[in-house]
Amino acid sequence: MGDYVICATAGNGAIRAYAATTSELVQHAREIHHTSPVASAALGRMLTAAAMMGTMLKGESDLLTLQIRCLGPLKGIVVSGDCHGRVKGYVFNPGVDIPEKYPGKLDVGGAIGEGYLSVIKDIGLKEPYAGRIQLVSGEIAEDLTYYFAQSEQTPSSVGLGVLVDTNTSIRQAGGFIIQLMPEATEEMISKLEQRLNTIPYMTDLLDMGKTPEDVLEMILGDMDLHILDKITPSYYCNCSRERVSKALISIGKEELEKMIREDHKANLHCHFCGKEYDFTEEELKALLEAAK
Ligand SMILES: [Zn+2]
């Protein structure tokens, strides 16, 4: 099953639902960043959330960024996504290694610890929208649930999961987001709560061979479920030599002069995809001219 995200409605439009399977893009991220199992799980959950939340954006060039800054050994995570399901991300400490919570359960909450989650939406306005919450558990799905309730006033249920195989490759990854619109009735809410309390973990569902459609069917099957859209997400980085050059120019004349004087060259690498960009002294001098 290749990666995909489905967007759906139920309850006559009073419920919005998203579900995703993302093991290929999470595996891709693991190969770029050489993440430990618990770091793969944390990054994979965030990338899966970004792939679904990206589809909530309206505009072609809108960009969503999710950031965690935390006191745990993982230190932090940054991911971004767009409306096409293109995502990228990195963790601050990819090698973090801590004991499992219990056998077979990676301790993502322990790797993250206390901290903050920020959601930034650049939708082409002068100032991007930004919401920030204190982490509830560091398990990411619970934190996003709290974020949606607090910052967006949208009661939501978020499930995210990454199953890392014994050889450290990504065996399963996926998630769902169910959101209640103001029109939702008490009856819908209690039915939903019941289902969500009894549904197995997302990774277990995927491992049993369930598809994102099956998962939404299990939760919303008798509530007038309509699948509206299906998107293929991917790990995609839009860095380029031109963008890196612009970033170098933006650090300013003095910094550039110092770089030329002391290092005679610059090697930069993209945090998101690991691509290396080398600049010779001559090239730096040209950038310095542009900075003036
Ligand atoms: Zn890149």
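The values are calculated or read from the model by the stated rules, or taken from the named source; none is laboratory data. Just so it is clear, the model here is predicted, and its values are computed rather than measured. Glycine gets a Cβ as well: all are built from the backbone with ideal geometry, and neighbour counts include every protein chain shown.
If R132 satisfies all but one of (1) outside any strand (DSSP E or B); (2) more than 24 Å from Q194 (Cα to Cα), what's the number of the condition it fails?
Every condition holds for R132 apart from (1).
Would you be able to tell me the number of residues in region 213-240 that are polar (S, T, N, Q) and away from the ligand (no atom under 16 Å from the Cβ)?
Total meeting the criteria: 1.
Of the numbered conditions (1) assigned by TED's automatic domain parsing to the domain that holds A286; (2) closer than 21 Å to A50 by Cα, I231 satisfies every one except a single condition; which is it?
All conditions are met except number (1).
Here are some conditions: (1) within 16 Å of the ligand (Cβ to nearest atom); (2) over 25 Å from the mean Cα position of the chain (by Cα). F272 meets all but one. Which one does it not meet?
Of (1) within 16 Å of the ligand (Cβ to nearest atom); (2) over 25 Å from the mean Cα position of the chain (by Cα), only one is false for F272: (2).
Is there any pair linking a residue in region 257-272 that is over 15 Å from Y90 (Cβ atoms) to one that is among the acidic types (D, E) and within 16 Å of the ligand (Cβ to nearest atom), with Cβ under 6 Å and at least six apart or on different chains, and which?
Here the result reads N267/D278, each pair linking region 257-272 to a residue that is among the acidic types (D, E) and within 16 Å of the ligand (Cβ to nearest atom).
Say whether the condition of being small (G, A, S), touching a residue at least 24 places away in the same chain (Cβ under 8 Å), assigned by TED's automatic domain parsing to the domain that holds G54 and within 27 Å of E114 (Cβ to Cβ) is met by at least one residue in region 149-156.
Looking for residues that are small (G, A, S), touching a residue at least 24 places away in the same chain (Cβ under 8 Å), assigned by TED's automatic domain parsing to the domain that holds G54 and within 27 Å of E114 (Cβ to Cβ), one finds at least one in region 149-156, hence yes.
Conditions (1) outside the structural domain of L180 (by TED's automatic domain parsing); (2) more than 25 Å from N167 (Cα to Cα); (3) in contact (Cβ under 8 Å) with a residue 24 or more places away in the chain; (4) β-branched (V, I, T), marked per residue:
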site	(1), (2), (3), (4)
T9	no, yes, yes, yes
A14	no, yes, yes, no
T21	no, no, yes, yes
V26	no, no, yes, yes
L47	no, no, yes, no
E60	no, yes, no, no
L74	no, no, yes, no
I77	no, no, yes, yes
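Answer yes or no: is there a residue in region 140-159 that is surrounded by fewer than 18 Cβ atoms within 10 Å (Cβ to Cβ) and either among the aliphatic types (A, V, I, L, M) or within 16 Å of the ligand (Cβ to nearest atom) (or both).
Looking for residues that are surrounded by fewer than 18 Cβ atoms within 10 Å (Cβ to Cβ) and either among the aliphatic types (A, V, I, L, M) or within 16 Å of the ligand (Cβ to nearest atom) (or both), one finds at least one in region 140-159, hence yes.
Output the number of residues of region 251-268 satisfying the condition of being under 30 Å from R86 (Cα atoms), surrounded by fewer than 17 Cβ atoms within 10 Å (Cβ to Cβ) and modelled with pLDDT of 90 or more.
Qualifying residue count for the region: 2.
For Y277, state whether it is under 30 Å from V5 (Cβ atoms) and either within 16 Å of the ligand (Cβ to nearest atom) or among the hydroxyl-bearing types (S, T, Y) (or both).
no
Yes or no: region 243-251 includes at least one residue that is more than 16 Å from the ligand (Cβ to nearest atom) and of a type in the set (A, V, I, L, M).
Yes, there is a match, as at least one residue in region 243-251 is more than 16 Å from the ligand (Cβ to nearest atom) and of a type in the set (A, V, I, L, M).
Please go through region 173-232 and give me each residue that is touching a Gly at 6+ places or on another chain (Cβ under 8 Å) and either of a type in the set (F, W, Y) or exposed (fewer than 13 other Cβ atoms within 10 Å of the Cβ) (or both), ordered by number.
Within region 173-232, F176, E183, T185, Y201 meet the criteria.
Condition check: part of a helix (DSSP H, G or I), within 30 Å of V87 (Cβ to Cβ) and not assigned by TED's automatic domain parsing to the domain that holds I32. Does I219 satisfy that?
No.
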